[in-house]
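These notes are about the structure you will find just below.
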Amino acid sequence: MDFPKIEFYVAYNGTRTLKDDEKNLVVDLGDIVVTATVVDIRFDSLPKEKSEDTQDALAGYAYFAKVFAEMKARGKTPYQAYRIAVEKSLEEGYLADIWRRKECVDMFESTYCYDDHLREGSRAEGREEGRKEGLVEGRSEGLQLGPQIYNALRKSIPLSTIAKNYGITIREVEEMKEAFSV
């Protein structure tokens with residue numbers, strides 16, 4: 001019985017140009033030896049017609065990887081580099097359908113910047129928590145306005161009236177309303 005030949009490919013998007021002897025990979029798995037063709041998918045190495053095709057997924061990924069690497073080289077964190085690469089990809093029309101799908105974004109974020117994303121999320125949560133605590137305690141001239149404003153909001157007093165009575169802006173009253181979940 002003849003079995004079809006199985007072909008394996010490895011996509012390379014490293015920083016250096018592959019030498020000819022690196023374009024074929026042989027892996028000895030004990031019982032079998034697997035041969036794979038290494039394909040250079042770096043954006044700048046793609047044929048011009050492929051790199052200009054914004055609908056081509058490989059070209060889109062190569063463009064994303066190129067921008068990501070450039071941003072990392074400029075000192076951006078992985079999360080910052082990822083966000084910039086996504087933005088630039090969208091601007092150029094690469095992977096637009098992918099970047100609009102939450103499951104794809106989640107996968108890329110977990111791959112490229114999980115630790116940074118967690119740190120950034122923790123910082124944002126900390127800022128939000130601090131903002132809410134500050135609102136609850138009150139900020140106007142050092143007075144503890146939180147309880148008074150909470151009661152006024154519960155009584156459905158107009159926001160403009162609350163702002164005027166306590167010497168704060170309507171925006172601050174809105175923020176307190178949101179923080180209090182009233």
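How much FRET efficiency would the formula 1/(1 + (r/R0)^6) give for Ser110 and Glu87, where r is the Cβ-Cβ distance and R0 is 22 Å, rounded to 0.05? That gives a FRET efficiency of 0.70.
The three principal axes of the Cα atoms in the stretch 1-46 give end-to-end lengths of 43, 21, 14 Å, sorted in falling order. Note on the stretch 15-89 and the stretch 155-182: Cα centroid distance 53 Å, given to the nearest whole angstrom.
Amide H to amide H, with H built 1.01 Å from N, Val38 comes under 5 Å of Val10, Asn24, Leu25, counting only residues 5 or more places away or on other chains. Dividing the alpha-carbon radius of gyration of the stretch 1-108 by the rule-of-thumb value 2.2 N^0.38 Å gives 1.29.
Throughout, read-outs are computed from the coordinates displayed, never taken from laboratory work. Note that the coordinates shown come from a computational prediction; the quantities given were computed from them, not determined experimentally. In this analysis, Cβ positions are derived from the backbone assuming ideal geometry, glycine residues included, and neighbour counts consider all displayed protein chains.
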